[in-house]
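Shown next, in structure tokens, is the structure this report addresses.
Just so you know, all these numbers are worked out from the coordinates, no wet-lab data involved. Treat the numbers as computed from the prediction; the structure is a model and nothing was measured. Using ideal geometry, Cβ is built from the backbone for each residue, glycine included, and neighbour counts are taken over all protein chains shown.
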Amino acid sequence: MTAHQEELEWPVLPFGRIVGQDELKRVLEIAYVMPSVGGVLVSGERGTAKSTTVRAFARMVYGRLPVTLPINATDDRILGGWQVDALLRGEPKQMKGLLEEADQGLLYVDEVNLLDDHVVNIILDVVSTGLLVVQREGLDHSGIRVSFSLVGTMNPEEGGLRPQLLDRFGLMVPVGTELDPAVRRDILLTVLRFEEERKDPDSQWLREGSSADEAHLLRLNAARQAARRIVLGVEAAELCARIAIEFDVTGHRGEIVMAQAARAVAALEGRGAVSAADVGFVAPYALMHRRPEASYDDAMVWAAKDEELLHQIVVEAGVNEQVHGRS
């Protein structure tokens with residue numbers, strides 16, 4: 001099925017038409033512009049448009065819906081195996097797994113915290129190495145090169161992830177129910193309109209949204225190319241290290257992700273160098289799931305005191321402004 005056929009059969013709200021979820025949208029863009037940041041973990045309760053936003057983003061940047069990993073997926077469905085019906089006929093045929101199907105696209109793992117740890121480990125290993133190694137049941141692939149974006153969602157009320165797995169996700173963004181009445185009204189009106197417009201194959205509203213997404217993708221791809229040329233200065237590197245120390249982050253993955261994400265922000269803003277404000281902007285997403293207290297499920301938040309400390313550190317680095325925009 002072509003991308004155009006898929007779009008007609010399964011209409012998706014255009015990314016630019018989504019109301020709210022600005023943080024989630026920006027983090028998805030950062031991870032696309034700088035793939036080396038790793039996967040994105042989205043934490044939030046049900047009904048907060050997590051899936052809608054991820055699907056719209058995948059359609060915009062990859063031209064197809066994400067490959068979705070079901071909670072009850074078996075190892076052979078994930079890694080690949082033998083087609084059972086063909087085996088019964090004495091005709092051994094290999095079947096691609098979901099990880100291989102997601103190549104050059106987006107793998108979406110809903111409720112990742114409910115998966116077995118070994119499954120999450122397999123997925124994260126493939127993301128970090130770019131190699132899918134299969135050695136099971138007569139299959140022996142020393143390494144299939146695959147490349148995909150990973151987005152996992154979780155509802156913290158249903159349990160968390162072990163710290164070792166949390167650390168493997170590059171960025172983490174919490175989402176919640178919108179509290180602004182005007183924004184909430186606009187979300188409702190957008191959803192109702194989409195339900196009507198999706199029935200019309202010639203919907204001008206959806207066509208205009210898709211055209212806007214195409215233009216936005218051009219900007220994202222330009223930023224993706226530009227990000228490779230942006231070098232992290234010594235001052236910005238020192239700031240990344242200091243922030244990680246001040247927030248008691250174990251290991252070095254936090255500051256590495258922070259630095260890569262800051263390069264993406266600079267590229268998205270059309271600048272050729274990373275500023276302290278760029279580092280301050282991405283710091284919460286790179287660190288909130290890597291602090292020691294994140295082991296206690298209810299502590300993966302960025303509180304006002306955290307924002308105050310971050311602001312103080314960045315101001316001392318020479319930026320006299322609010323760096324993240326949260327109250």
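Please give me the summed charge of the neighbours of Glu238: other residues whose Cβ is under 13 Å from its Cβ, Lys and Arg +1, Asp and Glu -1.
-3
Can you list which of the trypsin sites (Lys or Arg not before Pro) found in region 223-303 are DSSP loop residues with at most 14 other C-beta atoms within 10 Å? Walk me through the numbers before you get to the answer.
On the way: sites: Arg224, Arg228, Arg229, Arg242, Arg253, Arg263, Arg271, Arg290; in loops: Arg228, Arg229, Arg271, Arg290.
Taking region 223-303 and a limit of 14 other Cβ atoms within 10 Å, the loop trypsin sites (Lys or Arg not before Pro) found are Arg228, Arg229, Arg271.
For His252 and Ser36, what does the FRET efficiency come to when R0 = 25 Å and r is the distance between their Cβ atoms, rounded to the nearest 0.05?
0.95
In a solvent-free Debye calculation with one equal scatterer on each Cα, what is log10 I(q)/I(0) for region 193-263 at q = 0.11, 0.19, 0.20 Å⁻¹, listed in the order of the q values?
Values, matching the q order: -0.53, -0.79, -0.83.
Give the peptides 121-133, 211-223, 150-162 in descending order of average Cβ contacts within 10 Å, highest first.
The packing order, highest mean first, is 150-162, 121-133, 211-223.
Wrap a convex hull around the Cα atoms of region 234-316, take a quarter of its surface area, and give that in square nanometres.
Spelled out: convex hull of the Cα atoms, projected over all directions, averaged, 5.2 nm².
Once the principal axes of the Cα atoms of region 136-232 are found, what is the range along each, listed largest first in whole angstroms?
The principal-axis extents, from largest down, are 49, 43, 37 Å.
With a cut-off of at most 15 other beta carbons within 10 Å, and DSSP calling the residue loop, which GluC sites (Glu not before Pro) in region 232-297 qualify? Please list them. Display every interim value, and only then the final one.
Details: sites: Glu235, Glu238, Glu246, Glu255, Glu269, Glu293; in loops: Glu269.
Within region 232-297, the qualifying GluC sites (Glu not before Pro) (loop, at most 15 other Cβ atoms within 10 Å) are Glu269.
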